[in-house]
Amino acid sequence: MSLMKSLPYIDTTKMACFGWSFGGFMTTSLMTKYPDLFKVGVAGGPVMDWALYEVMYTERYMDTPKENPLGYNKSKLVDKSESLKGRLLILQGLQDDVVLPQNADLFLNDGVKKRKLIDFYPYSAHPHNVRGRDRTQMYQKIEDYIKTHLGI
């Protein structure tokens, strides 16, 4: 992060991030771990708890929750909303069988408990990837959200 902040063409007052799936996990991680650096984030289909993700992928890298409880606990985001300072939009396909909507739901509920304003936009007819005309609308939403909340 310090390298980015040192570059003369980086305006550190207007830093945003966007990612989908693992990128949604990374976006939420950046927003909660570096809340003073990232002002706006858009997390699509984000993994918020690796114990809720598909076993084949997760256990290849993290072993099982029983074998690696510390790793699962450290990477869990469902209880980290208190760290948010900037604006976060979560996009979620409600038919998603890869990153279950429960991931977003748990994080959003944590935000309600901790009085954090988290924006949410569901894509009710979509699985993990939003396709077709809705994808065009989604990218317009992402662009508008970032520009609005960065004031550009």
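Values computed for the structure shown
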quantity	calculated
Within straight-line cross-link reach of Lys14, lysines at Cα separation under 24 Å, skipping those fewer than 8 residues along the same chain	Lys5, Lys33, Lys39, Lys80, Lys85, Lys116, Lys141, Lys147
Expected 222 nm ellipticity per residue - DSSP helices of 4 or more, -39500 (n - 2.57), all of the chain, to 500	-12000 deg cm²/dmol
Inter-label distance, nm, simple model (7 Å from Cα along the C-beta direction), Arg133/Tyr57	2.9 nm
Ranked packing of 75-81, 36-42, most packed first, by mean Cβ within 10 Å	36-42, 75-81
Relative contact order computed over region 18-150 (Cα-Cα under 8 Å; 6+ residues apart), in percent	27 percent
Shape of the chain, Cα gyration tensor, a/c cut at 1.5	oblate
Centroid-to-centroid separation of region 108-135 and region 1-40 [C-alpha atoms, Å]	20 Å
Point-to-point label distance, Thr64-Ser6, nm (Cα→Cβ direction, 7 Å offset)	4.5 nm
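Values quoted throughout were computed directly from the atomic coordinates according to the rules given, and no laboratory measurement underlies them. Keep in mind that this is a model prediction, so the values were computed, not measured. Heads up, the Cβs are rebuilt from the backbone with ideal geometry, glycines too, and the neighbour counts pull from every protein chain shown.
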